[in-house]
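What follows is calculated from the coordinates using simple rules that are stated; it is not laboratory data. Not measured: the values here are computed from a predicted model. Cβ coordinates were reconstructed from backbone atoms using ideal geometry, including for glycine residues, and neighbour counts include every protein chain displayed.
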Amino acid sequence: MATAHVGLLLVVVSAALSDDVRLKQAAAEPVRLFTEEELRRHDGTEEGRPIYMAVKGVVFDVTRGQEFYGKDAPYNALVGKDSTRAVAKMSLDPEDLTSDTSGLTEEQLKSLDSIFEGTYKKKYPIVGYTASRILNEDGSPKDDFRAEQQPQLQTKDEF
Ligand code: HEM
């Protein structure tokens with residue numbers, strides 16, 4: 001069932017891509033969707049497993065930032081999940097370790113975008129998206145998902 005939904009999504013996404021981008025992507029890996037559970041497996045606790053962290057629903061491979069995110073490292077709490085709110089607020093409070101952006105101030109949202117662009121997109125490869133960023137509970141694509149706004153379409157080497 002879930003696989004069928006992901007398949008449908010890929011059809012929707014690829015239909016929205018230009019031929020040029022599609023050709024580039026064809027040679028690369030397909031977009032991967034992460035459930036919360038899958039993302040949790042990459043929380044830095046397992047030796048040798050890549051460390052993943054999502055910001056704004058985009059999943060980054062932050063393994064090269066081991067000294068920040070690895071087991072017992074200062075920002076380990078941020079990984080294996082979508083930590084958008086924590087990044088926006090510069091907070092490690094457990095209640096901020098979520099993708100929920102409701103009630104954030106203009107300034108926090110600006111700061112989030114600047115860290116998203118200036119740190120995560122610059123420094124770490126994108127490995128996929130959180131399923132909840134793209135799909136509704138029933139597996140249908142979210143209305144606000146726009147393939148052309150996704151980071152992998154702005155940079156050429158991420159996929
Ligand atoms: C007293 C408080 C803090 C100090 C002194 C501090 C200091 C630093 C330093 C020195 C870096 C490394 C910059 C670099 O080498 O590129 C860094 C990066 C970072 N800090 Fe903090 N920090 C503090 C609190 C926090 C908190 C509360 C958060 C919560 C989200 C946070 C999130 C980050 C992130 C996401 C990075 C980027 C890591 C990366 O490049 O992947 N910091 N911080």
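Label point 7 Å out from GLU37 along Cα-to-Cβ: which residues of segment 64-98 have amide N under 19 Å?
Label zone hits: 80-82.
So, counting K/R as plus one and D/E as minus one, what does the shell of residues with Cβ under 12 Å around ARG40 add up to?
So the surrounding residues net to -3.
Once you place label points 7 Å from the Cα toward the Cβ at GLU106 and GLU67, how far apart are they in nm?
3.7 nm
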